[in-house]
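The values are calculated or read from the model by the stated rules, or taken from the named source; none is laboratory data. Quantities reported herein were computed from a predicted structural model and do not represent experimental measurements. Please note: Cβ atoms are built from the backbone with ideal geometry, for glycine as well, and neighbour counts cover all protein chains shown.
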Amino acid sequence: MSNQQIITKDKYGQPILLEDIQKVCNEYNLGRIKQKISLLGGSTNTNIYLETLKGKFVLRYITFPVSKERIFYIEDTVKCLKKVNLPVQSTIRNKMGDCYFIDKNRMVQVFPFIEGSKFSFLPNQIKSFGKTLSQFHHTLSDRIQGPQPGYKNHPSEENLEKKLKNLYKKRNRISKTALSRVESLYYHVNQQWAKESIDHLPQSIIHDDWHPWNLIYDNQEQVSCILDLDGIQREIRLYDVAYGLYHIYMNASSHDKKAYADLFVEGYSDLIFEEKKLLPLFVAKVGLFFVMKSASNIEKQLTDNESFIQFLISEKGKDFFE
């Protein structure tokens, strides 16, 4: 392979060349590259799978600007989780002892590749997915907020308002009917939200991207590794629960949706009464977040989410997950 061969492009469209990957390998003493280089999934960062003579690795090209202080905060949080034997992915240090490397104004981190199984809706996987989140929150419940992440996935009032404003900026790419439907959902969800008090809800460090494919599972169907702590921040822990529950419910087969959602809540097992009461509304807000996330995909997201959101904020939906 030529050193100038383009392996892939980062999220900004800039090429990542073979020589760029070789430079990272040299910086981290990863050994000579074998032929196996492939692109892994990931909607935020660019993740590259790599085999060398020394092993299997993942190179993560970070999309959003991250300060050194933020990187150190994430590393310290990983240490907190490891102290209680929670399985979490940790970085490999380079020659200088750093957990990141800057090349061509891009921040790169290197992780060992973790062998295991992907999420496949096995009942024990679902319960472990919920249980691990509960342990994550319990372990980090007293940890203070560090430097903020560059992006946020939880549907706070501020984040939803930003999403709506972004849609207005792109209104020429959205049909008037679709925009009107979004505005109606936004109004009715906020109307319900205004009636509730959330100040008393338990807080912790949240993962902020807790979906079941962000974890790896062993052959006993238990979580064997937590991935992608880029978004951690101190917030209401119910945001993580609702985010995970939303992904279980929306991606399960139609006849399994409710049963699998209940398994996840059973696995978490630590919700207080007030959280159970507000869970449907939080899940509705997650659905609204995904509806408003992208102007180019809004019609499909409305098809997938609109009736579910409307149900969750109705009288019938208020105790759906109890």
- [ ] Inspect the range 71-84 for any residue being over 15 Å from L229 (Cα atoms) and not assigned by TED's automatic domain parsing to the domain that holds S141 and give the result as yes or no.
- [x] yes
Open item on the list: Being farther than 26 Å from Q145 by Cβ and in contact with a helix residue (DSSP H, G or I) (Cβ under 7 Å, 6 or more places away or on another chain) is the filter here; which residues of the range 71-103 pass it?
Closed with: N94, K95, F101, D103
- [ ] Collect the residues in the range 32-52 that are in contact with a Leu (Cβ under 9 Å, 6 or more places away or on another chain) and without any contact (Cβ under 8 Å) to a residue 24 or more places away in the chain, keeping them in residue-number order.
- [x] R32, I33, K34, K36, S38, N47
Task: Output for the range 309-322, where each listed residue is in a helix (DSSP H, G or I) and either in contact with a Ser or Thr (Cβ under 7 Å, 6 or more places away or on another chain) or surrounded by fewer than 17 Cβ atoms within 10 Å (Cβ to Cβ) (or both) - done: Q310, F311
TODO: Determine which single condition K300 fails, assuming it passes every other condition in (1) among the charged types (D, E, K, R); (2) in contact with a helix residue (DSSP H, G or I) (Cβ under 8 Å, 6 or more places away or on another chain); (3) part of a helix (DSSP H, G or I).
DONE: (2)
Task: Selected residue (only one of V78, V84 is under 19 Å from the mean Cα position of the chain (by Cα) and modelled with pLDDT of 95 or more) - done: V78
Task: Among (1) touching a residue at least 24 places away in the same chain (Cβ under 8 Å); (2) in contact with a Ser or Thr (Cβ under 9 Å, 6 or more places away or on another chain); (3) surrounded by 18 or more Cβ atoms within 10 Å (Cβ to Cβ) - the single one L278 does not satisfy - done: (2)
- [ ] From (1) under 20 Å from D209 (Cα atoms); (2) crowded, with 17+ Cβ neighbours inside 10 Å; (3) in the same structural domain as T44 (by TED's automatic domain parsing); (4) not acidic (D, E), pick out the condition that doesn't hold for T132.
- [x] (3)
Open item on the list: It is to be established whether one or more residues within the range 167-184 are under 21 Å from G317 (Cα atoms), in a loop (DSSP other than H, G, I, E, B) and touching a residue at least 60 places away in the same chain (Cβ under 8 Å).
Closed with: no
Open item on the list: Are there strands (runs of 3 or more DSSP E) fully within the range 1-75 with at least 3 residues that are within 19 Å of D98 (Cα to Cα)? List them.
Closed with: 55-61
Task: Of residues in the range 87-134 being charged (D, E, K, R) and assigned to a loop (DSSP other than H, G, I, E, B), the one nearest to the chain's Cα centre (by Cα) - done: K118
Task: Tally of residues being part of a helix (DSSP H, G or I) and among the hydroxyl-bearing types (S, T, Y) across the range 258-295 - done: 2
